[in-house]
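Just below is one structure, and these are the notes that go with it.
Where a number appears in this text, it was derived from the coordinates with a stated rule and is not lab data. None of the values given here were measured: they were computed from a predicted structure. Because the Cβ atoms are built from the backbone with ideal geometry, glycine has one as well, and the counts that use them run over all protein chains shown.
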Amino acid sequence: MNFIGRFILVLLIFIFSACSKETIKKSTIKEKSLDAQVLEAYKEGKIALEEGDVLFAAKKFNEAEILFPQSKYAPKSALMAAYSYYIQDYYGDSIAELERFIKIYSNHEDLDYAYYLLAICYYEQIVDEKKDLQSILNSKEIFEILIKKYPKSEYSIDANFKMDLINDILASKDMYIGRYYVDKKKWISAINRFRSVVDNYDKSIYIEEALYRLVEIYYLIGLTDEAKKYAKLLGYNYQSSEWYEKSYVMFDKKYSNNKRILTSKNKKSNILIRKFKSLFD
């Protein structure tokens, strides 16, 4: 091989070697740059959120998640995007983000928070129990999942409290419709509504009135034995209640003796209603 041939060979080896090193170098730089981009997007989102620009914040959090789905910032970014939408009352966008989070990050340590925020998104859309039944039912369903899966979570404490409020709302809806049926003298329909309160919402604030309404209706339609059963249940648990007093005056003097006995007892817990209902069915 002559001198020119050797020179060309050495030159080619040098070029290929340089290209190989450059490729490796570029690949390494790109990987580090990607991680830096994720962190930068996350920080930009956080700053925007603090400044009140929630839409831009959500955009940057989504960008951070998409850039590097395997990063520890990916699930955190997804939750932050959902929260950004939530604080501006973009409930639909927040719900979509949270449902996706629950599906993709099903084993994440903050899953209880995701369920809680999802339930809150539905809960805060409740405006009128006569119109927003779906929001009520959705929030109740998610709160129930949270309480069942994470009973010791800090969010379950508030979830239990809000469940009581939701049950009051659902009970009030049945009471509202039940009273309407009473006005229209549709006794069976009214009974079904008031029974729904007694059977499903016995811890609600409407339980006493619901029992009284059942006493009233059964008495009016001539089913005295049924009326007496519910009057007894009302008296046993709520003997000092105004609703018991109203039911008491419907019956004859034989009930005065029962009233004296019942009023000497302490008011019982709502849990006793369940036992009595099983006896009356």
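Worth a mention:
- Qualifying trypsin sites (Lys or Arg not before Pro) for the range 70-102 [loop in DSSP, other Cβ within 10 Å: at most 11]: 72
- Residues of the range 217-231 falling in the label zone of residue 192, defined by backbone nitrogen less than 17 Å from a point 7 Å along Cα to beta-carbon, are 218.
- Estimated at 0.36 nm per residue, the fully extended path between residue 183 and residue 56 surpasses their Cα-Cα distance by 40.3 nm.
- The range 46-154: GluC sites (Glu not before Pro) falling in loop per DSSP and having at most 15 other Cβ within 10 Å: 51, 109, 124
- Cα→Cβ-extended label distance, 7 Å offset, between residue 220 and residue 96, nm: 4.9 nm
- Full extension of the chain between residue 134 and residue 40 yields a length gain of 29.9 nm, computed as 0.36 nm times the residue separation minus the alpha carbon distance.
- Ordered by the count of other Cβ atoms within 10 Å of each Cβ, fewest first, 53, 174, 199, 183 give 183, 199, 53, 174.
- Neighbour-count ranking [beta-carbon atoms within 10 angstrom, fewest first] of 60, 228: 228, 60
- Computed over the range 122-227: relative contact order in percent, which uses C-alpha pairs under 8 Å that are six or more apart: 18 percent
- Loop-located chymotrypsin sites (Phe, Trp or Tyr not before Pro) across the range 148-183 with a Cβ neighbour count of 16 or fewer within 10 Å are lacking, with loop assigned by DSSP.
- The range 43-117: C-alpha gyration tensor shape, a/c 1.5 cut-off, then a/b vs b/c: oblate
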